[in-house]
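Here's the structure we're looking at; comments come further down.
The values are calculated or read from the model by the stated rules, or taken from the named source; none is laboratory data. Predicted, not measured: the structure shown is a model, and the values here were computed from it. Cβ placement follows ideal geometry from the backbone for every residue including glycine, while neighbour counts extend to all protein chains displayed. Note: areas computed on protein heavy atoms with side chains; ligands, DNA, RNA excluded. Shrake-Rupley method; radii C 1.70, N 1.55, O 1.52, S 1.80 Å.
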Amino acid sequence: MKKKNQNSHTNRYILLGLSVFCALMMVLSSFSDIAAGPFRALANVTVIPLQQGINHVGGWLGDLTDNFSTLQQLQDENRKLKEQVDALTTENNYLQEESYEYERLQELYQLDQNYAEYEKTAAHVIGKDAGNWFSTFTIDKGSMDGIAVDMNVLAGSGLVGIVTETGPTWAKVRTIIDDSTNISGMVLSTSDTCIVSGDLSLMSSGQISFDQMENNDNPVAVGDQIVTSYISDKYLQGILIGSISEVNVDSNNLTRSGYIIPAVDFRNIQEVLVITTTKAELTGEDETGEEQQ
């Protein structure tokens, strides 16, 4: 019974408090126009600047978020563009390599047509001696492919050299620019013969030398072509060696000598044609010069 009286008093106090609050609100509403001025002034000094600052910070944070999102997108786009550039670069390099290979094969085909009277086989260079020039190198075909010593080797527009050694699947080639090389050459326009000598010291100027050409009435000039002669013991006749870049009469007044620009770029040889017949086989003589049975 006592507890019930206590709850009744509590409810009465709550009702009384709500009544007082409502009366206070009615009084304040009647004085709102008078009180609004000071409160508005106070708000202008404190609340509004604070609100503006909060709005500014909020805007700055929003811009920062947008900028970060934009930066992330740009980084992703940049990464994708780099990947595309790398892919295009790789594809371009591949296409250029194919284009160069096509040009080299076209050159070999034209060379094959120029010497169509000889049977030939193509081979790739797989090694070379130290140095900038291809004075001696190794190809990827050997005795199992029908390659033999003294077979003539072609590239570019003419004569590269001669096979000097063979293995089952490889062969070594000594080129016409090697210091130990001497070839019987001939001026194509006059048939005057000479000796063409390899000289690596001259290759810095892109030349090899010739000498022992008879000083006769036949005109020999710069630009004339030198080919292998009919009296060469190992080189087949008529293969282009190069063109004359300089010719002089020797001091004995009996012979002429000078320099030749080779028909082959001896700084870069990748594929060659090997003539699969030797001079000895064509002439019916063996290496000692005796007639074969």
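Quick notes on this structure:
- For the stretch 134-163, a tally of residues being farther than 22 Å from residue 185 by Cα, in contact (Cβ under 8 Å) with a residue 40 or more places away in the chain and buried (at least 18 other Cβ atoms within 10 Å of the Cβ) returns 4.
- Search result, residues across the stretch 164-178 that are among the hydroxyl-bearing types (Ser, Thr, Tyr) and open to solvent by less than 10 Å² (accessible area, probe 1.4 Å): 175
- Residues satisfying the stated conditions in the stretch 195-216, i.e. under 20 Å from residue 236 (Cα atoms) and free of Cβ contacts under 8 Å to residues at least 40 places away in the same chain: 195, 197
- Residue within the stretch 113-128 that is part of a helix (DSSP H, G or I) and modelled with pLDDT of 70 or more present: yes
- Candidates 197, 204, filtered to the one that is modelled with pLDDT under 95 and open to solvent by 20 Å² or more (accessible area, probe 1.4 Å): 204
- Residues of the stretch 163-213 satisfying the condition of being acidic (Asp, Glu) and closer than 20 Å to residue 248 by Cβ: 192, 199, 211
- When the stretch 179-193 is limited to residues that are open to solvent by 10 Å² or more (accessible area, probe 1.4 Å) and of a type in the set (S, T, N, Q), the one that is nearest to residue 217 (Cα to Cα) turns out to be 190.
- Looking across the stretch 240-282 at every residue that is over 11 Å from residue 207 (Cα atoms) and among the hydroxyl-bearing types (Ser, Thr, Tyr), the one that is surrounded by the fewest Cβ atoms within 10 Å (Cβ to Cβ) is identified as 251.
- Tabulated pairs, the stretch 226-251, first under 27 Å from residue 118 (Cβ atoms) and among the aromatic types (Phe, Trp, Tyr), second at pLDDT below 95 and open to solvent by 40 Å² or more (accessible area, probe 1.4 Å), C-beta under 6 angstrom, 6+ apart or interchain: 230/237
- Condition check for residue 95: out of contact with any Cys (no Cβ under 9 Å at 6 or more places or on another chain), at pLDDT below 75 and open to solvent by less than 100 Å² (accessible area, probe 1.4 Å): yes
- Whichever residue in the stretch 207-239 is outside any loop (DSSP other than H, G, I, E, B) and touching a helix residue (DSSP H, G or I) at 6+ places or on another chain (Cβ under 7 Å) and, among such residues, is surrounded by the fewest Cβ atoms within 10 Å (Cβ to Cβ): 209
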